[in-house]
1. Plugging the Kirkwood radius over Cα pairs into Stokes-Einstein for region 14-54, at a temperature of 20 °C and a viscosity of 1.002 mPa s, what D comes out in µm²/s?
2. Can you give the FRET efficiency for Lys12 and Asp38, using 1/(1 + (r/R0)^6), R0 = 22 Å, r = Cβ-Cβ distance, to the nearest 0.05?
3. Compute the relative contact order of the chain as a whole-number percentage, counting only Cα pairs closer than 8 Å that sit 6 or more residues apart in sequence.
Amino acid sequence: MTSAEWICTNCKTTNRTFVKPGTTRLRDRCITCHKRHDVVPGERPIRWAATAVK
Ligand SMILES: [Zn+2]
């Protein structure tokens with residue numbers, strides 16, 4: 001497993017989760033405000049990019 005960090009677009013909290021190698025997309029929920037996000041790999045391996053799910 002590898003770790004992924006993503007920043008909530010709603011409250012700016014940094015969230016951390018674990019993903020299987022090769023994962024290209026995941027759905028996660030902010031630990032603070034519970035808003036759902038689609039999270040995809042970013043330019044660097046650990047820092048992923050999050051988009052809020054409407
Ligand atoms: Zn949040």
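Each value in this text was obtained by applying a stated rule to the coordinates, not by laboratory testing. Here the structure is a predicted model, which is why all the values come from computation and not from measurement. Neighbour counts are summed over all protein chains in view; Cβ atoms, including those assigned to glycine, are modelled from backbone coordinates with ideal geometry.
1. Working: Rh = 10.6 Å.
The Stokes-Einstein estimate is 202 µm²/s.
2. Values: r = 17 Å, r/R0 = 0.79.
My answer for the efficiency is 0.80.
3. Values: 107 pairs, mean separation 18.9, N = 54.
Relative contact order for the chain comes out at 35 percent.
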